Amino acid sequence: MNILVYGAGVLGSYLAHVLIRGGHDVTVLARGRRAEELEQNGIVIRHYFQLTTTVDPVRVIRSLAVEDRYDLIFVVMTYADFPAVLPALAANDSRHIVLVGNNADARTMLDRLQALSPAAKQVAFGFQLSGGRREQGRIVCVRGGGHMVLGGLDSPLPFRPLLEQAFAPTRYQLTFHPDIDAWLKNHIIPILSLNAALFVKNGQPQALAQDKQLLRQAVAAASEGFDVLEALGYTLTPAGQAKLFRKQKRLAYWLLRLYHRMPVAKRIDGSFEELAALLEAAGRWKRQANRSTPHWDTLEARLSAFRLPGKP
């Protein structure tokens, strides 16, 4: 199967690795220094828990031509970067596209992609459950096992058999969710609160673990976020996640404190630009719901004060 992975960061590199090991003809779209690294060294991944390093040669392109045709395109990038690539995806001849990553506005992205495209596209949205960071030209990937949650906005997903065929030769798990838009919004809530708190502590997980007040505030902010989604009519899914932050705050606090004290927490990168874009989207949800969110507002104010203009 001829597959393009559009984006060669931590998540895109791991996805390309899985598909290459599955026997597919994989191309990666990358630019700048990352493209040069891939051409010279291939996809180099240190699998953190598995204690192994893999190297996969890969074809690299720097732009997507109209006539390039792929059976599947996986676009793996930050929420803030998705809008910029929609015109190139729309103009390309390929029909089956999966947008992989945090996505606060999937419906708008789908509508814009279809409006720009001269021919109808079949589009899925997904999130890969792994993390990591780039270190000296290689990827350090933190995962328990390859897994993506995905689905279409207009169920059933019409090209599900094609996706299942692509991953059949691999050990990678696909979970098809009937309401992926709600799942993605639910996933964003704890990401926002915990990453905001982490950036307040200058990205130092140990410092966050030691700041009991800030960590409790992050848990309370997530609870308010789920209240907002519920007020807007979104299903809270998975239900256990929302229950943890809303009904079991003490347990959530201790689990998160333990996690941020572990060495693995230092291996997960976060992007302030993505956090800012997601906070802007969540701000629209709060205004639409017209709900009081004092802990969320205080946390966001602390983050704004910390990230002063010109401060690195």
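The values are calculated or read from the model by the stated rules, or taken from the named source; none is laboratory data. Keep in mind that this is a model prediction, so the values were computed, not measured. Here the Cβ is made from the backbone with ideal geometry for all residues, glycine too, and neighbour counts use every protein chain on show.
Looking only at the stretch 93-110, decide whether some residue is free of Cβ contacts under 8 Å to residues at least 24 places away in the same chain and either aliphatic (A, V, I, L, M) or more than 24 Å from A265 (Cβ to Cβ) (or both). Steps first, please.
Step one: filter the stretch 93-110 for residues free of Cβ contacts under 8 Å to residues at least 24 places away in the same chain, giving 108.
Then drop every residue that is not either aliphatic (A, V, I, L, M) or more than 24 Å from A265 (Cβ to Cβ) (or both), which leaves 108.
Yes, the conditions are met somewhere in the stretch 93-110.
Residues to consider are D179, D211, D154, D227; find the one that is of a type in the set (D, E) and modelled with pLDDT under 95.
Values: D179 fails: modelled with pLDDT under 95; D211 fails: modelled with pLDDT under 95; D227 fails: modelled with pLDDT under 95.
The conditions single out D154.
Restricting the stretch 233-268 to residues that are surrounded by 14 or more Cβ atoms within 10 Å (Cβ to Cβ) and over 23 Å from Q213 (Cα atoms), the residue that is modelled with the lowest pLDDT is R267.
The stretch 25-116 holds strands (runs of 3 or more DSSP E) entirely within its bounds, and those carrying 1 or more residues that are of a type in the set (D, E, K, R) map to 25-29, 43-47, 52-56, 59-61. So which residues in the stretch 224-251 are in contact (Cβ under 8 Å) with a residue 60 or more places away in the chain and farther than 10 Å from N186 by Cβ, if there are any at all? Selection gives E224, D227, V228, A231.
Is it the case that N41 is farther than 24 Å from W285 by Cβ and in contact (Cβ under 8 Å) with a residue 40 or more places away in the chain? Yes, satisfied.
Considering every residue within the stretch 157-174, establish whether at least one is farther than 25 Å from I97 by Cβ and assigned to a loop (DSSP other than H, G, I, E, B). Checked the stretch 157-174: no residue is farther than 25 Å from I97 by Cβ and assigned to a loop (DSSP other than H, G, I, E, B).
Within the stretch 55-74, is there a residue that is within 16 Å of E135 (Cα to Cα) and either in contact (Cβ under 8 Å) with a residue 40 or more places away in the chain or of a type outside the set (D, E) (or both)? Yes, some residue in the stretch 55-74 is within 16 Å of E135 (Cα to Cα) and either in contact (Cβ under 8 Å) with a residue 40 or more places away in the chain or of a type outside the set (D, E) (or both). When the stretch 144-158 is examined, which residues are found to be within 22 Å of Q114 (Cβ to Cβ) and surrounded by fewer than 20 Cβ atoms within 10 Å (Cβ to Cβ)? Residues satisfying the conditions are L153, D154, S155, P156, P158. Among all residues of the stretch 277-291, there is at least one that is modelled with pLDDT under 95, farther than 28 Å from R133 by Cα and surrounded by 15 or more Cβ atoms within 10 Å (Cβ to Cβ). Going by what's in this entry, would R291 be described as part of a helix (DSSP H, G or I) and not assigned by TED's automatic domain parsing to the domain that holds H47? Considered against the rule, which asks whether it is part of a helix (DSSP H, G or I) and not assigned by TED's automatic domain parsing to the domain that holds H47, R291 comes out as no. Just checking, how many residues over the stretch 117-135 are over 19 Å from the mean Cα position of the chain (by Cα) and in a strand (DSSP E or B)? Here the count works out to 2.
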